[in-house]
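A short reminder: the numbers here are calculations on the coordinates, not readings from a lab. Because the structure is a prediction, the values reported are computed rather than measured. Note that we place each Cβ from the backbone using ideal geometry, even for glycine, and neighbour counts take in every protein chain shown.
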Amino acid sequence: MHKGWSGSLVALAIVGAACGGGGGGGGGGGQPAPNPSEPAATGQSGEGLRIAFVYDGAVDDGGWNQAHDQGRQYVVDNLPGVETTNLEQIAPGDQARAAFEDLASQGYDLIVGTTFYQDDVLAVAPDFPDTKFVSWAGFTTADNVGAYDLATEDGRYLDGIVAGSLTKANVIGYPAGFPIEEVARGINAFTLGAQSVNPDIKVIPVWINSWYDPPKERQASESLVDAGADILVGEVNSPAMQSVAQKRNVYAIGYGWDSSARSPDVWLSSFTFVWGPYYLAEATAILDGSWKPQLFYGGLRDGGIGLSTFGPAVPQTVIDLVQQKKDEIASGTLDFFAGPIYDNQGNLVIAGGQTISIEERSACCKWLAKGVDGSIPA
């Protein structure tokens, strides 16, 4: 998830369960995302189509916004003739509304908001019915407004397999942003992945209560290493965690982007966001007249989650296992949320024979899995 906004994600988690069936997860209820490993939109022209991308940070931030801009470039590469632009450093609120109004007034066909701009989009969209809008993490659609997100938990499960295979201390530190459902869901999936290869794993989250606070991220990372962690797993934006890992000679796992250059000596891996296929699907749907508002929630099965390069310490056997599990999740033969699953208080949270389907995952999790040493603050 994006590290730039927090409040309405709680609402997303609550409302998402109600929306999931109708809006569709993983591409259901709307245009599907093509597989990024296959040729996309072969022979289709994007001439006449204009798309604007709105970022709340810098396009070259080495993380969230850069991943989205890579998705923009994917559209350019696969849809010859399409015109794209991007705006950087646009904060939700008045600034975002002004930006959306300006872009729509210029005649852009599709405007993509890459952080939680839902309120701003919904305020502007009725005045521009010929423009389509999509907003990250939204949970409400309108005639010309859709919303989208990716299942980070799919990638976090794979990251957990790497960590569980490489740790010697069996203690993994996890500097985390806000104590909200999506972050807890990622921690749980990571823990389940680690436990699949190492049942003695202990994962310790430290809540930063920010998505970007280098001093707090550094302090949390240092404290986790002092507590015995020999792997740090990031879910915040600054380079601080990886800097600590490099300095303290503990392994590092990133978040959503290949940030191996930040800590080359201790880098293990990271899942990566692959936004391009979703953006291309929205663009081609506008071109062929099939565009419909949808709530899109895609994961490995939709080509929305990828893998970074692996560090030199990761054995080929582990890489092969990660690839195998990646394929199994994508094909539906592995369901890592299948019960029985217990929380770290001993409560049965997912019974045997039950699961949390991808369409329902936005409502998870208000609990932490067995093996997580911590709690979710009120």
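Miscellaneous remarks
- Charge tally for residue 275 (other residues, Cβ to Cβ under 14 Å; Lys, Arg +1; Asp, Glu -1): -4.
- Backbone geometry of the stretch 69-80 corresponds, through the Karplus equation with coefficients 6.51, -1.76 and 1.60 at θ = phi - 60°, to 3J(HN,Hα) couplings of 5, 5, x, 4, 5, 4, 5, 4, 5, 9, 9, x Hz, x marking Gly and Pro.
- Counting only Cβ charges, +1 for Lys and Arg and -1 for Asp and Glu, the dipole size of the stretch 73-121 around its Cα centre is about 60 debye.
- For the options 353, 48, 311, a Gaussian network treatment of the chain with springs between C-alpha atoms closer than 10 Å singles out 353 as fluctuating the most.
- Taking 81, 173, 160 as the candidate residues, the one with maximal mean-square fluctuation in a Gaussian network model of the chain, Cα springs under 10 Å, is 81.
- Applied to the stretch 307-313, the Karplus parametrisation 6.51 cos²θ - 1.76 cosθ + 1.60 on θ = phi - 60° returns per-residue 3J(HN,Hα) values of 10, 7, 5, 8, x, x, 7 Hz, with x for Gly and Pro.
- 20 Å reach of a label modelled at residue 316, 7 Å along Cα-to-Cβ, counting backbone N of the stretch 251-291: 268-269
- Taking amide hydrogens as placed 1.01 Å from N in the peptide plane, the amide H of residue 132 sits under 5 Å from those of 110, 111, each at least 5 positions away in sequence or on another chain.
- Computed over the stretch 270-365, Cα set: Rg, Dmax in Å: 17.2, 52
- Cleavage-rule hits (trypsin sites (Lys or Arg not before Pro)) in the stretch 297-378: DSSP loop, at most 16 neighbouring Cβ within 10 angstrom: 366
- With the biggest extent put first, the Cα atoms of the stretch 201-283 measure 49, 28, 25 Å across the principal axes.
- A cut-off of 5 Å between modelled amide H atoms, ignoring neighbours fewer than 5 places along the same chain, links residue 46 with 81, 82.
- Considering all C-alpha pairs of the chain, those separated by over 33 Å amount to 27%.
- Ascending count of other beta-carbon atoms within 10 Å, so fewest first, for 271, 128: 128, 271
- Estimated vicinal HN-Hα couplings, Hz - the stretch 331-348 in sequence order (Karplus 6.51, -1.76, 1.60; Gly, Pro = x): 7, x, 7, 10, 10, 6, 9, 6, x, x, 10, 10, 7, 7, 9, x, 7, 6
- Long-range HN-HN contacts of residue 86 with modeled amide H, under 5 Å: 53
- Quotient of C-alpha Rg and 2.2 N^0.38 Å, computed over the stretch 208-356: 1.28
- Listed residues 248, 72, 218, most fluctuating in the chain (Gaussian network, C-alpha, under 10 Å): 248
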